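Heads up: the structure comes next, in structure tokens.
Each reported figure results from applying straightforward, stated rules to the coordinates on display, with no laboratory input. Note that this is a predicted model, so its numbers are computed, not measured. Glycine gets a Cβ as well: all are built from the backbone with ideal geometry, and neighbour counts include every protein chain shown.
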């Protein structure tokens, strides 16, 4: 969830900044309306898209010693995360508050429709209300002051302005962004999107009025004279004058077709850059056919298997002492290094074990490449330790159960702390903490 919120917010912010810097000041209002709505959809979809690009690397690795991996085990850590519960409760309470406010505003509007006189007017309906307000629109209803209507004090330009909101269904845009604000109340980006969308609606309505009446000075003076009238509702398209200056400037602008096309083409690299930053993941992969693993000694498999570790599940996993082909074959024949531990009290459930990026083979290579055998180590032995794979893939809570001395366990922990984030374990599609055991047989370079 956090990953989705971060990625979608980055996309929303980048596209909104581009809109304000490049598109908002140009007279291509229909395109800008589409751009703002598409930016919302794009930003909610893109976090779910991931494309991996593999980069092949050639690497020669020299092992300082023979390192043999014995089969380990993993166990899901059952825990109650009260912090998460409380956060969801707080989110639910606040969301409920904003939802009630959202629904209440809709009910206020529908109540005005039911309790006041309505008249057919072109493809809309006029709702005559007693409040002294400027005309405003909700869906196909235009709300106007009853006294002004009866006295014919409402200019034709204002009717034309509101009819544009009706014909182009601007209310749906407002309802969409208001709904998103309700769900994602903690994200201020949606406040700025709402302002941009509503201002664009005013540009569109102004453009229609000017094209119909061809009297820009009169219309501008009309807007200025109405600028201080307060609008009471949040879900309507209306003559909002907080951005009157921008509207007056837009009326006098003329964007050429060539300029509009060039700015629209500029969106291709913008969307491409956002997509690349969020959805493209470069993965480095070594070529097993040319990856060189240099070793000097080898340990008998039977010799290792004669010894027993606490979990009595040792199975030799040879790595960094054999060529990659043998390693892959050995891994295919053995059980995975991680097993779920189940008892009668904890019946088997559908789980996904945590995994090192690239799989078991890459984990073995990582340990063998980074491990430095202590110079004082003269005889072979085993190091046995456990650690937790957290829900975010980081490793923590290292515990040494068996050590050879000479700092070998500390060296293993040092290497594990260098590990990239693992793919976390899952139980019923929910991230879980997993306790992971790691037995390692270590032999000195010169035995």
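Taking other Cβ within 10 Å of each residue's Cβ, how do 397, 202, 390 sort, fewest first? If you can, show how the numbers build up before the last one.
On the way: 397 12, 202 26, 390 20.
Ordered from fewest to most neighbouring Cβ atoms within 10 Å, 397, 202, 390 come out as 397, 390, 202.
Label positions at residue 183 and residue 118, each projected 7 Å from the Cα along the C-beta direction, are separated by 2.9 nm. Counting beta carbons within 10 Å around each of 189, 261, 440 and listing the fewest first gives the order 261, 189, 440. Compared with the direct C-alpha span, the chain from residue 253 to residue 376 gains 36.2 nm at full extension, assuming 0.36 nm per residue.
Multiplying the sequence separation of residue 273 and residue 218 by 0.36 nm and subtracting their Cα-Cα distance, what value in nm do you get?
Working: separation 55, 0.36 × 55 = 19.80 nm, distance 4.44 nm.
So the extension gain works out to 15.4 nm.
The residue 167 and residue 244 beta-carbon pair, evaluated with R₀ = 25 Å, returns a calculated FRET efficiency of approximately 0.60.
Give the shape of the range 100-237 as rounded, prolate or oblate, defined through the alpha-carbon gyration tensor: a ≥ b ≥ c are the square roots of its eigenvalues, a/c under 1.5 means rounded, and otherwise the shape is prolate if a/b is larger than b/c and oblate if not. Intermediate results must be reported in sequence, preceding the final value.
On the way: a/c = 1.90, a/b = 1.26, b/c = 1.51.
Verdict is oblate for the range 100-237.
Cβ crowding within 10 Å, taken as a proxy for footprinting-reagent exposure, orders 367, 113, 191, 93 from fewest neighbours to most as 93, 191, 113, 367.
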